[in-house]
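Participant: Structure in structure tokens, see below.
The values are calculated or read from the model by the stated rules, or taken from the named source; none is laboratory data. Bear in mind that the values here come from a model prediction, so they are computed numbers and not experimental data. Here Cβ is always computed from backbone atoms with ideal geometry, including for glycine, and neighbour counts include all displayed protein chains. Ligands, DNA and RNA are stripped out before the accessible areas are found, and what is left, the full protein with its side chains, is counted by its heavy atoms. Shrake-Rupley method; radii C 1.70, N 1.55, O 1.52, S 1.80 Å.
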Amino acid sequence: MKQDMSSADVAALVSELAAGPKSIIDAKIGKIYQPSGEEIRINLYVFNKGKDNLVIEVGKRIHLSKHLRPSPQLPQGFPMLLRKHLMGGRITSVKQHDFDRIVKIGFIRAEVETTLIVELFARGNIVLVDSENRIILPMNPVTLKARRLRSGETYELPEAQMSPVDAEVSDLMGAFSKSTADIVRTIATRFNLGGVLAEEVCFRAGVDKAKPAKEASEEDAALVRDAMHAVFAPLLVSRAEEDTETGVEAVAETEVEAEVEAGAGPVAGADVGAEAPGLKPHHVKKEINGKVEAFDVVPFDLIRYSDYEKEYFDSFNTALDEFFGKKALEQVEEEKQAVKKEKTLNVYERRLLQQEGAIAKFEKDIVKNTALAEIIYANYQIIEELFSVLNGARAKGYSWDEIRSILKQAKKTLPSAQKIVNIDAKTGTVQADLDGMKVNLDIRKTVPQNAQEYYEKVKKLSKKKDGAIRAIEDTKKAMEKKPAKAAKAGRRVLARRKKHWYDRFRWFVSSDGFLVVGGRDADTNEDIFKKYMEKRDIVFHTQTPGAPLTVIKTGGKEVPETTLQETAQFAVSYSSLWKAGHFSGDCYWIKSEQVTKTPESGEYLKKGAFVIRGERNYFKDVPLGIAVGLELKGETRVIGGPVSAVRKHGDYILEAVPGKFNQNDISKKIYRIYADELNDPRFVKQIASPDLVAMMVPAGESDLKSQKPEKKAEKAGPVNETGSDVEAETETDVEVETEAEGNTEVESEVETEAEFGVEAEVETECGGESENEGETEVETEAGNNSREA
């Protein structure tokens, strides 16, 4: 299946855009969009024709199109800058550079001339330059070995290749003598033909395409030259006309007419359109997966396709649009359907799909790295010569810039220098093009050592693949043992969530029914002190700084020992002790009137800091530990806090201790465990999404004591939430209806190492609140009584 345009395709297209029915010369520029990362769309208003769209995809295609991707909701920087310089202007020219896959589109706006340079080769770019050829902005700013594509730099064209329409026997013999490949590969790469046209040339020339290029005779070169001219005869007529207009006698008119009579026809740079007799744009079709589909699009007939089914078009633009544009839209629709289908999968089916995708990627990488290692050995002598030259230059004190310059000049005489694509001065590596594949080589190592690097990668990938295969077996076993579904088909699950004044703080309800709240940061510490702390409340804080201001809302009642113990554990667990990896800590409790914002004379208190005066009641060596649970009786919500308190009120409980997973990762892990346990991810996401779970987990790194949640036995009656006065609450009922058994939606899942059998890094964030606990400053102490828990 054709993936990009050839130089001949570009020549045919440019001829249509520059003259004839599809010409865009003098078209007015409208808005410019970037519907995908490597594609832009320019809205045009063509005189006497109306609106049209020019689609450009870096490294692949350029043509007028009616099959358009959806425009993004927010424009990106590159199209916005193009609008600034081009919108409202007009197109003055469309040219192909030197029979290469480079198109130059000239614009004029308010008497200011600019040029949009479109590179349609691999790792190409779209660059806007001014009248002095200085880069205004590239789509993708890059620094390459031979040129810099960055704003303010002078635009430099890539190194030119020989043109097949101008090639002579001497050019071919020179290319053959320096090549290490066969004839077909040599003319494909050195003369900018591509595989299909190179095969066509060899077929017409009647030469053995597999013959080593160095063994080619002058007779072979003459046959290849004649075949090249015959293949590109449709491109020679307008080329001759253009040369005649400029006074260059390149091809006599009588010779051109003879070529046309022999079966060639016009097309080329800028003066003749698709109506010329030589252009016959069409799709070439064959049976693919039981269906006849187009696999190539060409501007003129090729002998090698004479037995294939064809579909002809009135212009090459239309043929390109129906081939590339239509397929691009179909791809967008397929991606949408794939996402939609993925959302209907249950947890295990989705996990299995991701694991199978991982195995396919490992297999692909294994084949690639094995091939690279074998290519290094196949080019042993060339690489050794290259290393000798580079290491010798470095030993003589040459800089990498000097070496680049020398190699550029030596490419005509040194075959190994022709293989270099890029040099990385920082790592001392070079990238070489060996048999059509890019290979990274370390000049400080020997040739076998470089090959061994790739073999080592193959070993690692094989181990990862084996691990993924084992993980798939585990997933399949889990699917077989899958418990009965919590949400049957058509059943409605009601998620009742209430809004509480304390939701934005850290909080829990003690085993005795007392509400305990704590600050999340300096701001919330201030809010608790100013708005919610009463004289009858009890305040907790840790002996070390970096802890929440923790308040027991007593409601005027006597607080039992169990609540004091749970609050002590709460205070130390959500402090900086957890982030530091400690497993126990000291804290104390005081009365609310002992806490003040009034510092000593001449001193200053920062936000979130307080002065504590008077006697303190200590708890020593309080163990750190929290639990995150699901409360499903009465109100449905996620709860967190001391283990005993969560066990009292929660129906499902997971215990956490300081560990190795960051706050985001452990939150997602807890969410997935509950989604698997209840087998209803949609319902779990309503009450315990990763964001909501993160609010219950201390800042820092954590781990779970068990991967299986503890399930509470059935109990009668609702649980008293709090022993304090609570503001009026508003209740929001969220109904979640499962569509069919097993078809529940799971979003934003990140598989763990156990699920894939490979190392996995999690880089996404849950978006929880900032966890910078405010510090409490102690100014005075008096007769502190100790109390050990």
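Participant: Out of all the residues in segment 44-66, which are modelled with pLDDT of 90 or more and out of contact with any strand residue (DSSP E or B) (no Cβ under 8 Å at 6 or more places or on another chain)?
Facilitator: Gly50, Lys60
Participant: For segment 495-514, which positions are surrounded by fewer than 22 Cβ atoms within 10 Å (Cβ to Cβ) and out of contact with any Phe, Trp or Tyr (no Cβ under 7 Å at 6 or more places or on another chain)?
Facilitator: To start, the set of residues in segment 495-514 that are surrounded by fewer than 22 Cβ atoms within 10 Å (Cβ to Cβ) comprises 495-504, 511-513.
Within segment 495-514, Arg496, Arg497, Lys498, Lys499, His500, Trp501, Tyr502, Asp503, Arg504, Ser511, Asp512, Gly513 meet the criteria.
Participant: Does at least one position in segment 637-653 carry a residue that is in contact (Cβ under 8 Å) with a residue 24 or more places away in the chain, of a type outside the set (Val, Ile, Thr) and out of contact with any strand residue (DSSP E or B) (no Cβ under 9 Å at 6 or more places or on another chain)?
Facilitator: No; the residues of segment 637-653 include none that is in contact (Cβ under 8 Å) with a residue 24 or more places away in the chain, of a type outside the set (Val, Ile, Thr) and out of contact with any strand residue (DSSP E or B) (no Cβ under 9 Å at 6 or more places or on another chain).
Participant: Return yes or no: is Val430 of a type in the set (A, V, I, L, M, F, W, C) and touching an Asp or Glu at 6+ places or on another chain (Cβ under 8 Å)? Outline the logic, then answer.
Facilitator: Numbers: of a type in the set (A, V, I, L, M, F, W, C): yes; touching an Asp or Glu at 6+ places or on another chain (Cβ under 8 Å): yes.
Judged against the criteria, Val430 is a match.
Participant: Quick one: what pairs do we get from segment 317-333, first residue open to solvent by less than 10 Å² (accessible area, probe 1.4 Å) and at pLDDT 85 or above, second part of a helix (DSSP H, G or I) and not hydrophobic (A, V, I, L, M, F, W, C), C-beta under 6 Å, 6+ apart or different chains?
Facilitator: Hits for this filter: Asn317/Glu16.
Participant: Just checking, which of Thr550, Thr542 is β-branched (Val, Ile, Thr) and in contact with an Asp or Glu (Cβ under 9 Å, 6 or more places away or on another chain)?
Facilitator: Values: Thr550 fails: in contact with an Asp or Glu (Cβ under 9 Å, 6 or more places away or on another chain).
From the options Thr550, Thr542, the qualifying one is Thr542.
Participant: Let me ask something else about it. Looking at segment 268-285, is at least one residue surrounded by fewer than 17 Cβ atoms within 10 Å (Cβ to Cβ) and modelled with pLDDT under 55?
Facilitator: yes
Participant: Filter segment 1-26 for residues that are among the hydrophobic types (A, V, I, L, M, F, W, C), surrounded by fewer than 21 Cβ atoms within 10 Å (Cβ to Cβ) and out of contact with any Asp or Glu (no Cβ under 6 Å at 6 or more places or on another chain); which is farthest from Pro70 (Cα to Cα)?
Facilitator: Ile25
Participant: Let me ask you something else. I need a count of the residues in segment 52-67 that are outside any strand (DSSP E or B) and open to solvent by 20 Å² or more (accessible area, probe 1.4 Å). Spell out how you get there, then give the answer.
Facilitator: From segment 52-67, those outside any strand (DSSP E or B) are 58-60, 65-67; that's our starting set.
Among the residues that remain, those that are also open to solvent by 20 Å² or more (accessible area, probe 1.4 Å) are: 60, 66-67.
Residues in segment 52-67 being outside any strand (DSSP E or B) and open to solvent by 20 Å² or more (accessible area, probe 1.4 Å): 3 in total.
Participant: For segment 630-654, name all the residues that are in a strand (DSSP E or B) and in contact with a Leu (Cβ under 7 Å, 6 or more places away or on another chain). First the steps, then the outcome.
Facilitator: To start, the set of residues in segment 630-654 that are in a strand (DSSP E or B) comprises 630-631, 637-641, 652-654.
Those that are in a strand (DSSP E or B) and in contact with a Leu (Cβ under 7 Å, 6 or more places away or on another chain): Val638, Tyr652, Leu654.
Participant: Restricting the search to segment 68-106, which residues are open to solvent by 20 Å² or more (accessible area, probe 1.4 Å), of a type in the set (A, V, I, L, M) and within 21 Å of Asn133 (Cα to Cα)?
Facilitator: Selection gives Met80, Leu81, Met87.
Participant: Quickly run through segment 549-596 and pick out the residues that are assigned to a loop (DSSP other than H, G, I, E, B) and in contact with a helix residue (DSSP H, G or I) (Cβ under 7 Å, 6 or more places away or on another chain).
Facilitator: Pass one, segment 549-596, residues assigned to a loop (DSSP other than H, G, I, E, B): 549, 554-560, 574-575, 580-583.
Leu549, the sole residue that qualifies.
Participant: While we're on this one: Output the qualifying pairs, or none if there are none: Cβ atoms under 7 angstrom, residues six or more apart or on different chains, first residue in segment 211-232 and under 15 Å from Asp182 (Cα atoms), second residue of a type in the set (A, V, I, L, M, F, W, C) and assigned to a loop (DSSP other than H, G, I, E, B).
Facilitator: Ala213/Ala181; Asp220/Val207; Val224/Val207
Participant: Within segment 554-570, identify whether any single residue is surrounded by fewer than 18 Cβ atoms within 10 Å (Cβ to Cβ) and within 45 Å of the chain's Cα centre (by Cα), and answer yes or no.
Facilitator: no
Participant: Another question, if that's okay. In this structure, is Glu631 within 26 Å of Ile528 (Cβ to Cβ), open to solvent by less than 50 Å² (accessible area, probe 1.4 Å) and of a type in the set (Asp, Glu)?
Facilitator: Numbers: within 26 Å of Ile528 (Cβ to Cβ): yes; open to solvent by less than 50 Å² (accessible area, probe 1.4 Å): yes; of a type in the set (Asp, Glu): yes.
So Glu631 passes the test.
Participant: Considering only segment 381-395, state which residues are open to solvent by 10 Å² or more (accessible area, probe 1.4 Å) and of a type in the set (A, V, I, L, M). Steps first, answer last, please.
Facilitator: First pass over segment 381-395, keeping only residues open to solvent by 10 Å² or more (accessible area, probe 1.4 Å): 381-382, 384-385, 387-389, 391-395.
Matches in segment 381-395: Ile382, Val389, Ala393, Ala395.
Participant: Would it be correct to say that Tyr348 is open to solvent by 50 Å² or more (accessible area, probe 1.4 Å), more than 30 Å from Lys66 (Cβ to Cβ) and over 20 Å from the mean Cα position of the chain (by Cα)?
Facilitator: On the way: open to solvent by 50 Å² or more (accessible area, probe 1.4 Å): no; more than 30 Å from Lys66 (Cβ to Cβ): yes; over 20 Å from the mean Cα position of the chain (by Cα): yes.
Considered against the rule, which asks whether it is open to solvent by 50 Å² or more (accessible area, probe 1.4 Å), more than 30 Å from Lys66 (Cβ to Cβ) and over 20 Å from the mean Cα position of the chain (by Cα), Tyr348 comes out as no.
Participant: Out of the residues in segment 533-548 that are touching a Lys or Arg at 6+ places or on another chain (Cβ under 8 Å) and not in a loop (DSSP other than H, G, I, E, B), state the one that is most open to solvent (accessible area, probe 1.4 Å).
Facilitator: Ranking the candidates gives Ile538 first.
Participant: Take the conditions in contact (Cβ under 8 Å) with a residue 40 or more places away in the chain and farther than 29 Å from Val332 by Cα and apply them to Ala19. Does it pass?
Facilitator: Numbers: in contact (Cβ under 8 Å) with a residue 40 or more places away in the chain: yes; farther than 29 Å from Val332 by Cα: yes.
Spelling it out, Ala19 is indeed in contact (Cβ under 8 Å) with a residue 40 or more places away in the chain and farther than 29 Å from Val332 by Cα.
Participant: Among the residues of segment 649-662, which ones are surrounded by fewer than 21 Cβ atoms within 10 Å (Cβ to Cβ) and of a type outside the set (Phe, Trp, Tyr)?
Facilitator: Across segment 649-662, the qualifying residues are Asp651, Ile653, Glu655, Val657, Pro658, Gly659, Lys660, Asn662.
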